[in-house]
Amino acid sequence: MQQRVGSFSSLEEGKEPIVRIINQPNRAFPLRLLQFLLLLLGLAIVFSFLSLYASRYLKVPNEINVIQSRFQPCAQEPKNLESWIRPPSKLLHHMNDSELFWRASFVPRIKNYPFKRSPKIAFMFLTRGPLPMAPLWEKFFNGNEKFYSIYVHSLPSYQPDFSPSSVFYGRQIPSQVAEWGMMSMCDAERRLLANALLDISNEWFVLLSEACIPLQNFSIVYRYISRSRFSFIGSFDEPGPYGRGRYNEKMSPEVNITNWRKGSQWFEINRKLAVDIVQDSVYYPKFEQFCRPACYVDEHYFPTMLSIESPHLLANRSLTWVDWSRGGAHPATFGKSDITEMFFKKIFEGKPCLYNNQPTSLCFLFARKFAPSALDHLLQHSSKFFGF
Ligand SMILES: *[C@@H]1O[C@H](CO)[C@@H](O)[C@H](O)[C@H]1NC(C)=O
Ligand SMILES: *[C@@H]1O[C@H](CO)[C@@H](O)[C@H](O)[C@H]1NC(C)=O
Ligand SMILES: *[C@@H]1O[C@H](CO)[C@@H](O)[C@H](O)[C@H]1NC(C)=O
Ligand SMILES: *[C@@H]1O[C@H](CO)[C@@H](O)[C@H](O)[C@H]1NC(C)=O
């Protein structure tokens, strides 16, 4: 009896034959046997009620069954390539940083893809909370769905409220608190890179803030980035207290004073450099230990590390325009009254720069910093200013 209670299905199976036997019009059937069978039937009904009740009351074992059966296909070996190259359907996962970075560092050894791959740009937004420029970005992305993906890192306490039709909907990655000038800022950037690396079609990675705007339409941005032989990260050797002055000799021999570089954190890098950053365990401990304020690690770690490892892949300049001319610790922020045709003309007609070793006047694809009050004017005139 005990065994039967434990097993719901055996009870169910036991019921039917009994019913059939009772229904048989056999007059030679002894009364005793009939009574015994009726007793059995009664017991069976009682036990089936008991087990129904038990399964409702003690939910756990039943749910384990459901979960096991639901996940069975995953436990099977992948049978086609599709399951290896499909991007994760949800960005929220339960990997911690060590697990995530390890997973993100997988690199195929065969360089030719045996399938059609349309390389995408991963736009990675490093923010505190809201994205006030979101409507402008929506306009910028519109119609180019095959060629970009979006990732947002914000304060873990922030609850985004994008509508399901927004390109930012569901694009938040598991985040942690990041503080300017601290290693936690570089950790957040590595977390963005690692999450974006999980999608094998992401080939270029652009880091942006909530105060950044696009300066060109998507086709120009895509062509500029995809045809460049170099990655765009600011990296220069600055003498004086704010450059070499921040170097600590305890970082040698991994980092010598001649290797020390500075550059703004708003970079564009390719997949190889993204993997290099995520997998780094040589330079990370040095910077974590010996570059603390007044050494601002987010201005030195990636530019220095990449200049040591892959100097031939770097353009040493950023694609993000910023105005330091007003002086002080922070660059200028532009609001409603600054947004004029003249303002952008000045940016577009600034100093020429090098693109694939040739001089060009198109040097910036993005700009910062813009206040939320600038949005209306930017939206209204985006086709005149930026061609989208
Ligand atoms: C992630 O989890 C693993 C296993 O529990 C642990 O060994 C590792 O230290 C964790 N890493 C971080 C960064 O928390
Ligand atoms: C730093 O200098 C030491 C001694 O000259 C040298 O062995 C080491 O390779 C240098 N490190 C880098 C990253 O160039
Ligand atoms: C960027 O700087 C490195 C030295 O840090 C140099 O080797 C490289 O050629 C520079 N890149 C370009 C495009 O000039
Ligand atoms: C993007 O801008 C360029 C130059 O401003 C223009 O020639 C091109 O037609 C624009 N592309 C789209 C898709 O709007």
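The values are calculated or read from the model by the stated rules, or taken from the named source; none is laboratory data. This is a predicted model, so every value here is computed, not measured. Ideal geometry is used to build each Cβ from the backbone, glycine not excepted, and the neighbour counts take in all protein chains shown. Surface accessibility is based on the protein's heavy atoms, side chains included, excluding ligands, DNA and RNA. Shrake-Rupley method; radii C 1.70, N 1.55, O 1.52, S 1.80 Å.
Any of Lys146/Lys272; Lys90/Lys286; Lys111/Lys139; Lys262/Lys286 with alpha carbons more than 27 Å apart? Name them for me.
Lys90/Lys286; Lys111/Lys139
Where does each of 180-186, 161-167 land if you order them by average Cβ count within 10 Å, highest first? Intermediate values should be presented prior to the final figure.
Working: 180-186: 16.9, 161-167: 11.6.
Answer by packing, highest mean first, reads 180-186, 161-167.
What does the charge count near Val297 come to, summing +1 for each Lys or Arg and -1 for each Asp or Glu among other residues with Cβ under 14 Å from its Cβ? Please report the intermediate quantities before stating the final value.
On the way: positive: Arg190, Arg246, Arg261, Lys262, Lys286, Arg292; negative: Glu179, Asp187, Glu189, Asp280, Glu288, Asp298, Glu299.
That sum, taken over residues with Cβ under 14 Å, equals -1.
So if we plug the beta-carbon distance of Leu92 and Asn142 into 1/(1 + (r/R0)^6) with R0 = 22 Å, what FRET efficiency do we get, rounded to 0.05?
Numbers: r = 25 Å, r/R0 = 1.15.
The value I calculate is 0.30.
Sort 81-88, 304-311 by the packing proxy (mean of other Cβ within 10 Å over each peptide's residues), most packed first. Mind showing how you got there, number by number?
Values: 81-88: 11.2, 304-311: 19.5.
Ranked from most to least packed, the peptides come out as 304-311, 81-88.
If each residue of separation counts as 0.36 nm, what is the full-extension length gain between Arg32 and Ser219 once their alpha-carbon separation is subtracted? Working shown, then result.
Details: separation 187, 0.36 × 187 = 67.32 nm, distance 8.91 nm.
The span from Arg32 to Ser219 would gain 58.4 nm if fully extended.
Over the Cα atoms of segment 184-227, what radius of gyration and what Dmax do you get, in Å?
So, for segment 184-227, Rg and Dmax equal 12.4, 34 Å respectively.
Please give, to one decimal in nm, the separation of the simple spin-label points placed at Ile110 and Tyr158, each 7 Å out from Cα toward the Cβ.
Distance between label points: 4.2 nm.
Averaged across orientations, what area in nm² does the convex hull of the alpha carbons in segment 106-207 project? Before the final figure, lay out the partial values.
Working: hull surface 30.5 nm².
Reported value for the Cα convex hull: 7.6 nm².
Count the net charge of all other residues whose Cβ sits under 11 Å from the Cβ of Met185, scoring Lys and Arg as +1 and Asp and Glu as -1.
Details: positive: Arg190, Arg191; negative: Glu179, Asp187, Glu189, Asp298, Glu299.
Cβ neighbours under 11 Å give a net charge of -3.
How would you order 196-208, 137-149 from highest to lowest mean count of nearby Cβ atoms within 10 Å? Show your work: numbers first, answer last.
On the way: 196-208: 21.9, 137-149: 16.2.
Those peptides, ordered most packed to least, come out 196-208, 137-149.
All other residues with a Cβ under 13 Å from the Cβ of Ile347 taken together, and with Lys, Arg as +1 and Asp, Glu as -1, what is their net charge?
On the way: positive: Lys345, Lys346, Lys351, Arg368; negative: Asp323, Asp338, Glu341, Glu349.
Neighbourhood net charge equals 0.
Send over the semi-axes of segment 286-388's equivalent ellipsoid, whole angstrom and largest first, taken as the square roots of 5 times the C-alpha gyration tensor eigenvalues. Before the final figure, lay out each step's value.
Numbers: eigenvalues 184, 82, 25 Å².
Output for segment 286-388: semi-axes of 30, 20, 11 Å.
Estimate the FRET efficiency between Glu309 and Ile85 by the formula 1/(1 + (r/R0)^6), using the beta-carbon distance for r and 30 Å for R0, to the nearest 0.05.
Details: r = 27 Å, r/R0 = 0.92.
Efficiency computed from Cβ-Cβ geometry: 0.65.
Taking just the C-alpha trace of segment 278-339, give me its Rg and Dmax in Å.
15.7, 47
Quick check: with the 1.4 Å probe, what order do Phe343, Phe366 take by accessible area, largest first?
Numbers: Phe343 35, Phe366 0 Å².
In descending accessible area the options line up as Phe343, Phe366.
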